[in-house]
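Contents: one structure, followed by commentary.
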């Protein structure tokens with residue numbers, strides 16, 4: 001992979017304040033891309049923007065955005081248009097975990113609507129804006145953050161549902177837009193050492209133990225490792241890849 005290919009290219013990253021989103025933003029920034037960053041955490045987003053500039057980004061745009069809100073999403077992409085004039089790559093990373101419940105049937109409709117609203121509706125809203133722009137320019141690469149649990153079951157049914165849905169969105173969009181020069185792939189990580197994963201650990205020490213035991217590689221992954229896969233999916237080396245789900249899961253789905 002030639003890192004120079006991202007110099008000056010316009011890349012958007014949602015959920016860029018922390019974890020995988022921040023690591024992806026910095027990885028593109030280090031390769032000289034113009035990066036547009038969004039997150040609902042305004043202070044965290046400001047810090048990520050400063051880090052991206054220091055890493056070597058050709059330009060940085062940062063705007064607090066709730067991706068579940070269609071109006072906010074539209075304004076964010078309008079800001080990208082004004083700042084960069086195009087969008088070459090998009091990383092739809094923003095998402096939330098499922099609030100804990102004693103059992104499947106005790107989850108609330110409010111929790112369902114919130115998790116689905118952010119993870120599925122939010123991803124779809126962003127994809128809609130991205131595809132409009134990439135279709136007009138005749139090229140583009142989109143990476144949606146799904147999960148290893150897009151392929152298997154997990155004890156978090158609502159979260160699992162959303163990741164299956166993101167994989168479905170990815171495949172559908174890939175199939176219908178490949179001829180237009182737009183590639184759409186899904187990144188499917190296993191347990192990654194991020195705030196989201198550590199939030200699951202609050203459910204009890206046995207959760208961490210089970211997660212680690214389920215990964216034959218014997219550890220959690222890092223946000224930087226996943227960011228490397230995301231950059232590769234957007235690169236020319238992955239030019240023949242669309243509609244795929246790239247599993248970086250420490251062997252989680254292999255056993």
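The values are calculated or read from the model by the stated rules, or taken from the named source; none is laboratory data. What you are looking at is a predicted structure, and each value in this text was computed from that prediction instead of being measured. A quick note on method: Cβ atoms are made from the backbone with ideal geometry, for glycine too, and the neighbour counts reach across all protein chains shown.
Return the residues of the range 1-18 that are surrounded by fewer than 20 Cβ atoms within 10 Å (Cβ to Cβ) and more than 20 Å from residue 222 (Cβ to Cβ); say none if nothing qualifies. Spell out the reasoning first.
So in the range 1-18, the residues surrounded by fewer than 20 Cβ atoms within 10 Å (Cβ to Cβ) come out as 1-5, 7-8, 18.
Matches in the range 1-18: 2, 4, 5, 7, 8.
Which residue, of 116, 91, 120, is surrounded by 14 or more Cβ atoms within 10 Å (Cβ to Cβ), at negative phi and assigned to a strand (DSSP E or B)?
Details: 116 fails: assigned to a strand (DSSP E or B); 120 fails: assigned to a strand (DSSP E or B).
Within the list 116, 91, 120, the selection yields 91.
What residue, of 242, 170, 197, is surrounded by 18 or more Cβ atoms within 10 Å (Cβ to Cβ), in a loop (DSSP other than H, G, I, E, B) and in contact with a helix residue (DSSP H, G or I) (Cβ under 9 Å, 6 or more places away or on another chain)? Break it down stepwise before answering.
Details: 170 fails: in a loop (DSSP other than H, G, I, E, B); 197 fails: in a loop (DSSP other than H, G, I, E, B).
After ruling out the rest, the residue left standing is 242.
Per-residue answers, yes or no, for (1) surrounded by fewer than 20 Cβ atoms within 10 Å (Cβ to Cβ); (2) assigned to a strand (DSSP E or B):
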residue	(1), (2)
20	no, no
23	no, no
35	no, yes
52	no, no
67	no, no
100	yes, no
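Quick check, is residue 16 assigned to a loop (DSSP other than H, G, I, E, B) and within 16 Å of the chain's Cα centre (by Cα)? Reasoning before the result, please.
On the way: assigned to a loop (DSSP other than H, G, I, E, B): yes; within 16 Å of the chain's Cα centre (by Cα): yes.
Answer is yes for this residue.
Residues in the range 145-152: is at least one within 25 Å of residue 182 (Cβ to Cβ), out of contact with any helix residue (DSSP H, G or I) (no Cβ under 6 Å at 6 or more places or on another chain) and modelled with pLDDT of 95 or more?
Among the residues of the range 145-152, at least one is within 25 Å of residue 182 (Cβ to Cβ), out of contact with any helix residue (DSSP H, G or I) (no Cβ under 6 Å at 6 or more places or on another chain) and modelled with pLDDT of 95 or more, which makes the answer yes.
Please determine whether any residue of the range 99-117 is in contact with a strand residue (DSSP E or B) (Cβ under 7 Å, 6 or more places away or on another chain) and in contact (Cβ under 8 Å) with a residue 24 or more places away in the chain. Break it down stepwise before answering.
Restricting attention to the range 99-117, the residues satisfying the condition of being in contact with a strand residue (DSSP E or B) (Cβ under 7 Å, 6 or more places away or on another chain) are none.
Scanning the range 99-117, I find no residue that is in contact with a strand residue (DSSP E or B) (Cβ under 7 Å, 6 or more places away or on another chain) and in contact (Cβ under 8 Å) with a residue 24 or more places away in the chain, so the answer is no.
Name the pairs: first residue in the range 224-235 and within 9 Å of residue 20 (Cβ to Cβ), second residue not in a helix (DSSP H, G or I), Cβ to Cβ under 7 Å, at least 6 apart or on different chains?
226/187; 226/189; 226/192; 226/248; 230/91; 230/143; 230/187
Taking the stated definitions as given, is residue 74 part of a helix (DSSP H, G or I) and surrounded by 18 or more Cβ atoms within 10 Å (Cβ to Cβ)? Can you show your working first?
Details: part of a helix (DSSP H, G or I): yes; surrounded by 18 or more Cβ atoms within 10 Å (Cβ to Cβ): no.
Answer is no for this residue.
Taking the conditions exactly as written (closer than 24 Å to residue 228 by Cβ and surrounded by 20 or more Cβ atoms within 10 Å (Cβ to Cβ)), does residue 84 satisfy them or not?
Values: closer than 24 Å to residue 228 by Cβ: yes; surrounded by 20 or more Cβ atoms within 10 Å (Cβ to Cβ): yes.
Judged against the criteria, residue 84 is a match.
Looking for something in contact with a strand residue (DSSP E or B) (Cβ under 6 Å, 6 or more places away or on another chain) and farther than 24 Å from residue 26 by Cβ - is there at least one such residue anywhere in the range 180-193?
Yes - at least one qualifying residue is present in the range 180-193.
Considering only the range 202-235, state which residues are surrounded by 14 or more Cβ atoms within 10 Å (Cβ to Cβ), touching a helix residue (DSSP H, G or I) at 6+ places or on another chain (Cβ under 8 Å) and more than 19 Å from residue 27 (Cβ to Cβ).
207, 208, 211, 214, 215
What's the number of the condition residue 74 fails, among (1) within 20 Å of residue 25 (Cβ to Cβ); (2) touching a residue at least 40 places away in the same chain (Cβ under 8 Å)?
(1)
Which one of the conditions (1) under 20 Å from the mean Cα position of the chain (by Cα); (2) surrounded by fewer than 24 Cβ atoms within 10 Å (Cβ to Cβ); (3) under 24 Å from residue 58 (Cβ atoms) does residue 136 fail to meet, given that it meets all the rest?
(1)
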